[in-house]
Amino acid sequence: MIEKETLWKRLQKVIDPETSLDVVTMGLITDLQVENGGRVKVTFRPSSPVCPLAFKLAGDIRKALKETPGVEKVEMEVVDFYRAEALKKFLSDLDRWEKG
């Protein structure tokens, strides 16, 4: 079983290059759930509706979670971001690309 505390610690290593703060300290992760089978659900709220680093941060968050032992799948909901649908497609494309 994956511990939520372990996931939070991983997320604290994801740094916003603009602020040099981690995404947890910045309050950009508003929900984190662990489900059966190594499935993790995370809600990401970029620092502004037009955050220029949202795609990079979402990719870094996803990577940090996926590299955690026991995590099989990461599902990310993006809220309060004007390009949320494009970001969701980007993350979906990453999943397909990794599966080869």
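The values are calculated or read from the model by the stated rules, or taken from the named source; none is laboratory data. The model shown is predicted, which means the values in this text are computed figures rather than measured ones. Cβ: placed from backbone, ideal geometry, glycine included. Neighbour counts: every protein chain shown.
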Look through L53, L57, L7, L65 and report the one residue that is aliphatic (A, V, I, L, M) and over 22 Å from W97 (Cα atoms). L7
Would you mind stating whether W97 is within 12 Å of the chain's Cα centre (by Cα), of a type outside the set (K, R) and either exposed (fewer than 14 other Cβ atoms within 10 Å of the Cβ) or at pLDDT 95 or above (or both)? no
Criterion (in contact with a Leu (Cβ under 6 Å, 6 or more places away or on another chain) and of a type in the set (K, R)) met by exactly one of R39, R45: R45
Going through segment 1-14 one residue at a time, which ones are in contact (Cβ under 8 Å) with a residue 24 or more places away in the chain, under 18 Å from G59 (Cβ atoms) and over 10 Å from the mean Cα position of the chain (by Cα)? L7, R10, K13
Going by the structure shown, is L57 touching a Cys at 6+ places or on another chain (Cβ under 8 Å) and surrounded by 13 or more Cβ atoms within 10 Å (Cβ to Cβ)? yes
On the basis of being farther than 21 Å from E98 by Cα, in contact with a helix residue (DSSP H, G or I) (Cβ under 9 Å, 6 or more places away or on another chain) and at pLDDT 95 or above, does L21 make the cut? no
Give the residue that is surrounded by the most Cβ atoms within 10 Å (Cβ to Cβ), with candidates limited to residues of segment 60-88 that are of a type in the set (V, I, T) and farther than 21 Å from T6 by Cβ. V78
Given the conditions (1) in a helix (DSSP H, G or I); (2) free of Cβ contacts under 8 Å to residues at least 24 places away in the same chain; (3) of a type in the set (A, V, I, L, M), report the number of the one that L91 does not fulfil. (2)
